[in-house]
1. Among the residues of the range 140-152, are any aliphatic (A, V, I, L, M) and at pLDDT 80 or above?
2. Please specify each residue of the range 43-91 satisfying the condition of being touching a Leu at 6+ places or on another chain (Cβ under 9 Å) and open to solvent by 80 Å² or more (accessible area, probe 1.4 Å).
3. Taking Ala11 as meeting all but one of (1) closer than 12 Å to Leu108 by Cα; (2) among the hydrophobic types (A, V, I, L, M, F, W, C); (3) open to solvent by 40 Å² or more (accessible area, probe 1.4 Å), write down the number of the exception.
4. Restricted to the range 71-122, and to residues that are hydrophobic (A, V, I, L, M, F, W, C) and in a loop (DSSP other than H, G, I, E, B), which residue is modelled with the highest pLDDT?
5. Of all the residues that make up the range 1-21, how many are within 11 Å of Asp43 (Cα to Cα) and in contact (Cβ under 8 Å) with a residue 40 or more places away in the chain?
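The values are calculated or read from the model by the stated rules, or taken from the named source; none is laboratory data. On a predicted model such as this, the values are computed, not experimentally measured, just so you know. With ideal geometry, Cβ positions are generated from the backbone for all residues, glycine too; neighbour counts draw on all protein chains shown. Heavy atoms of the whole protein, side chains included, go into the accessibility calculation; ligands, DNA and RNA do not. Shrake-Rupley method; radii C 1.70, N 1.55, O 1.52, S 1.80 Å.
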Amino acid sequence: CRLIASHCVCALRPAVPTRAGVCLIMGDIEPLKPSNTGWLVADVVADTEAFGWSRIAVDPALLAMLADPQWQPLLVFPGEFVEASRVVSEVPPSPDVAVPGRRPLFILLDGTWSEARKMFRKSPYLDGLPVLTLNPGKASVYRLRRAAHGHHFCTAEVAAQCLELAGESHAAETLS
């Protein structure tokens, strides 16, 4: 849990089986921030992988995960920044995008809003993926860091919304 031993919460980690997986692409120093909620996602969703983002190089393990036939990758990002043909709003996505038997893999750009936009624009390996757009209809309740706008969510809140869309209600509630 990356906390000092006297405050360790590892014994409290919930074990919630899910069909869905999460792929965290983490901004520069995001993994080092004590307020990062991506690690909470990994605590709840066993099939979570985290990768550091770089503008000039991509981790071969990330590319392998995106190409793995067990997964149906869905890049989670606001639809207004993407051409309409890539946007989906439900899981499993529309039949023209979904492949039967594949598990949803939610790709979350873990960083500040400006970092996430940069990762989105400067990662050509993400260009062909369907983009899942969330419409939560509520404001963020995360208070450890202040978001620039009420409609900006922390990584754990986004993951919980994705899990809910995938029919993983227990995992979504546990993460929330």
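1. Checked against the condition, which is being aliphatic (A, V, I, L, M) and at pLDDT 80 or above, the range 140-152 yields no hits at all.
2. If the condition is that a residue be touching a Leu at 6+ places or on another chain (Cβ under 9 Å) and open to solvent by 80 Å² or more (accessible area, probe 1.4 Å), then Glu49, Glu90 are the ones that fit.
3. Here Ala11 meets the rest and fails (1).
4. Filtering first and then ranking leaves Phe77.
5. Counting residues in the range 1-21 that are within 11 Å of Asp43 (Cα to Cα) and in contact (Cβ under 8 Å) with a residue 40 or more places away in the chain gives 3.
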